[in-house]
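The values are calculated or read from the model by the stated rules, or taken from the named source; none is laboratory data. Everything numeric in this text was worked out from a predicted model, so none of it was measured. All Cβ positions, even for glycine, are placed from backbone atoms using ideal geometry, and neighbour counts span all protein chains on display. Note: accessible area is taken over every heavy atom of the protein model, side chains too, but ligands, DNA and RNA are not part of it. Shrake-Rupley method; radii C 1.70, N 1.55, O 1.52, S 1.80 Å.
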Amino acid sequence: MYQKINFGQEKEMIEDKEALEHQSNYLALLPLKNVVILPKSIIPIIVGRESSIKSVEFALKNNKAIFITAQIKPDVEHPTENDLFSYGTKSTILQVMRMPNNALKILVEGLNRAKSIKMDISGEFIGTYYQDLLTTNLEKTVEIEAIWRQLQSIYASYAKLNEHVPADLLISARTIEDMDCLTDTIALHLANLTFNERQDILETIDLKDRMLKIASLLKKEIEILKTEQRIRGHIQNQVEKNQKEYYLTEQIKAIQKELGREDQYTEINQLREKIKSLALSEELIEKAEKELKRLEQMPPLSSEAAVSRHYLDWIISLPWNKKTKDSISLVQAEKILNKSHAKLSKAKERIIEFLAAKKFSGSNEKATIICLVGPPGVGKTSLAQAISDSLGREFVRISLGGIRDEAEIRGHRRTYIGALPGKIIQAMKKAKTINPVILLDEIDKMSRDLHGDPAAALLEVLDPEQNKGFVDHFLDVGYDLSNVMFITTANHMEGIPYPLLDRMEMINLSGYTEDEKLEIAKKFLINKKLKEYGLTSKQFFIDDSILKSLISEYTKEAGVRQLERLIAKLMRKSIQILLKDKSVKGVKISPLLIKEWLGQSKYKKTSLDSKKDTIGLATGLAWTEFGGDVLEIEATVVPGKGSVTLTGQLGDVMQESAQAALSYIRSRSKELGLKESFLTSKDIHVHIPEGATPKDGPSAGITMCVTLISALTKNPVKPNIAMTGEITLRGRVLSVGGLKEKLLAAKQYNKNTIILPKENYDDIQEFVKDLSQELNLIYVSNMDEVLTNALINDPFKNNNNKVTSKSKSKKK
């Protein structure tokens, strides 16, 4: 498109020799930076370079004509022929004015296009031999006329959009020369043309091509101007809208001030700014804005205003986007769990599995709902706290015990003063992050009434597929709970509704053995209480033997809560001695001090079978919410008419077990040496002591059967033996649960021989290492084996149909 001077090229259009011979074709050359002068243009130029000033002075001495061209590289201070365009403009100097810094300000007019043939840079200024370039295609054809009319139309549209150009420029063009002149004039008024576009127009000699290029550039400018006009209009409308809003806002302020509501208006604006800064969803922003507008129209002391303000305060205080970064380190997590809890290896193993899966998969793993099931005092709540610490998350505990209103979970509707969100949303406000660890404590203690079922409301909370849009009645918008890690606790699974149970993974925490309690007391409880009371190990000392007696004789629980209370009491008594007698430096706990401060032993390890007469008395094993316990079952047979009496507040299941045991005895009466009419001639009374305590469960079937057979056959039950298992009509022994707690209770009461269902053999192997080796565990599969091992005399010894297969026992 552009040509620069290259004297190695073939000479064009004229012979250089002729041009060089005529001095009239020689002019001084004025190079310009970033400026292109077109024919018919009149522009001022500041001339500052010494060589350029010499060029102007030479031109003034020679008819004021000068050759003006542009530099290819504007940053060159002393251009050569390779730095200048060969195409330029032959111009005349109209006016010259010398400036104070010796620079010249000249006014030049472009005459016609010209081309440099050869430059002379040997003198004080740059000179050039040139050739005038006349416009080609100067014939007024139909095509030229059509292009000219199109150019006129485009320029008219451009003049309407650009107020700085004269609209009457194209009123007339009688000759083709006028078209040539006006085309260049139009190009002059295109103020936004680039340097390259102006140089391109200058080098376009053909009139038709020049017209087409300028028409194209005009169309481009028209589109730009239309876009600018549209943007300007939009900005103007926005400014007018803002000015209107400002004016109305100032009016509202004045009105509020007159009404004495200036503080309320300021408060509303502050609330609006806080809501904008929270980056809420569109739905929530729309709801909050609606409440703000309602609040603006209400008297500040009205009850409706209090409800709206309360709602907006909750919106602002809840976390919507803030997230705590998980710091998952399996080694650190294992240290935290071992530091806070002794034993519980199965529970710790499952928790480490969960943390490992979360670390490996990142945030892709859906939150698993863990339910810690176990008796009180085994460390369920503190284990949940340890999980939170290992993740580095905030921890919030919600107690669900006694909740019977669905609104406690889903919140109250905003129809009255004092309405609040549910406990879940309250916990999120307390946590201040969207991914805390929330402990739902005692989930099995919820109840239901006419106000709804809170367990059903928890279904949405604990379901990973649904809790992303949990709707609290107070908020009335979806709140994302999918990032929350929920942990629940329960004393027993029977109290948890099945749909809720189905959404959780159970981790069972069994009761502690005496050795485990001793370890917990030494490692955790004593140090915790010493720190709490400000004591040192020298001021309070208790040895292992005293701790063992404290555990075995003063506590009867699966956990260590009562043990902790007893240790705390001993410390408080010791503090009293230290304060009364300053000479005493420390207190060592002795058996005498234990009896003095705690009284006589409450739970002595004495055999329940110490009596000589044990006919009609058997010991069963039971599971309770507080751990394992022993259950004495007594039966007596007296002459009568065949009535059966069950006392001791037995539940439906235990009553059915007694009926099943009687049916089994009747079916085996011949083998047991009983008359077939024994049930019609005798009255049977079965009693379980502690009649004020309700009892139920499927674990006492074989114990009842042994008690009844012992009473009917006058066959004593072996001493120091306990049993657990359910019975069927055919005498099969079925498996039961809660075995660890039951075996711990048997050991506490010196029951060294335990009869267990054979089906539970694999279950016991999981924790048998934690039990004392003194226990003799006998596994049975039918009632005949139970009787053979439980009664002193073989009940089938004098019968032809006695059992041929002796019971097989496995001792641990």
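Taking residues in segment 143-165 that are of a type outside the set (A, V, I, L, M, F, W, C) and at pLDDT 85 or above, and partners anywhere that are part of a loop (DSSP other than H, G, I, E, B) and open to solvent by 50 Å² or more (accessible area, probe 1.4 Å), not one pair has Cβ atoms closer than 7 Å while being at least 6 places apart or on different chains. The residues listed here are 422, 411; of these, the one that is touching a Phe, Trp or Tyr at 6+ places or on another chain (Cβ under 7 Å), under 21 Å from residue 500 (Cα atoms) and buried (at least 22 other Cβ atoms within 10 Å of the Cβ) is 411. Please find, among 671, 656, the residue that is of a type in the set (Asp, Glu) and open to solvent by less than 50 Å² (accessible area, probe 1.4 Å). After applying the criteria, what remains is 671. Once segment 493-503 is narrowed to residues that are surrounded by 15 or more Cβ atoms within 10 Å (Cβ to Cβ) and out of contact with any helix residue (DSSP H, G or I) (no Cβ under 6 Å at 6 or more places or on another chain), the residue that is modelled with the highest pLDDT is 501.
For residue 108, indicate whether it is crowded, with 19+ Cβ neighbours inside 10 Å and out of contact with any Phe, Trp or Tyr (no Cβ under 6 Å at 6 or more places or on another chain).
Yes.
Scanning segment 83-105 for residues that are surrounded by fewer than 22 Cβ atoms within 10 Å (Cβ to Cβ) and of a type in the set (Val, Ile, Thr) gives 92, 93, 96.
Hey, among the residues in segment 621-642 that are open to solvent by 60 Å² or more (accessible area, probe 1.4 Å) and at pLDDT 80 or above, which one's nearest to residue 495 (Cα to Cα)?
Let us first name the residues in segment 621-642 that are open to solvent by 60 Å² or more (accessible area, probe 1.4 Å), namely 623, 625-626, 634, 636, 638-639, 641.
With the extra rule that they be at pLDDT 80 or above, the set shrinks to 634, 636, 638-639, 641.
Working: 634: 30, 636: 35, 638: 40, 639: 43, 641: 41 Å.
In this case the residue turns out to be 634.
Evaluated against (1) more than 12 Å from residue 487 (Cβ to Cβ); (2) in contact (Cβ under 8 Å) with a residue 40 or more places away in the chain; (3) assigned to a helix (DSSP H, G or I), residue 360 falls short on exactly one condition, (2).
Go through segment 548-563 residue by residue and tally those that are in contact (Cβ under 8 Å) with a residue 40 or more places away in the chain, aliphatic (A, V, I, L, M) and over 21 Å from residue 381 (Cβ atoms).
So the answer is 1.
The set of residues from segment 114-171 being of a type in the set (Ser, Thr, Tyr), over 60 Å from the mean Cα position of the chain (by Cα) and buried (at least 19 other Cβ atoms within 10 Å of the Cβ) comprises 116, 128, 129, 130, 135, 155.
Residues that are free of Cβ contacts under 8 Å to residues at least 60 places away in the same chain and basic (Lys, Arg) were ranked within segment 45-77; the one that is nearest to residue 110 (Cα to Cα) is 64.
Would you mind stating whether residue 106 is part of a strand (DSSP E or B) and within 18 Å of residue 126 (Cβ to Cβ)? In short, yes. Selection within segment 378-408: residues that are among the basic types (Lys, Arg) and open to solvent by less than 30 Å² (accessible area, probe 1.4 Å). The member of this set that is farthest from the chain's Cα centre (by Cα) is 380.
So which helices (runs of 4 or more DSSP H) stay within segment 684-782 end to end and still have 2 or more residues that are farther than 23 Å from residue 658 by Cβ, in contact with a strand residue (DSSP E or B) (Cβ under 7 Å, 6 or more places away or on another chain) and open to solvent by less than 40 Å² (accessible area, probe 1.4 Å)?
Helices (runs of 4 or more DSSP H) meeting the threshold: 739-748.
In segment 328-346, the residues that are farther than 15 Å from residue 382 by Cα form Cβ pairs under 6 Å with partners that are crowded, with 18+ Cβ neighbours inside 10 Å, at six or more places apart or across chains, as follows: 328/355.
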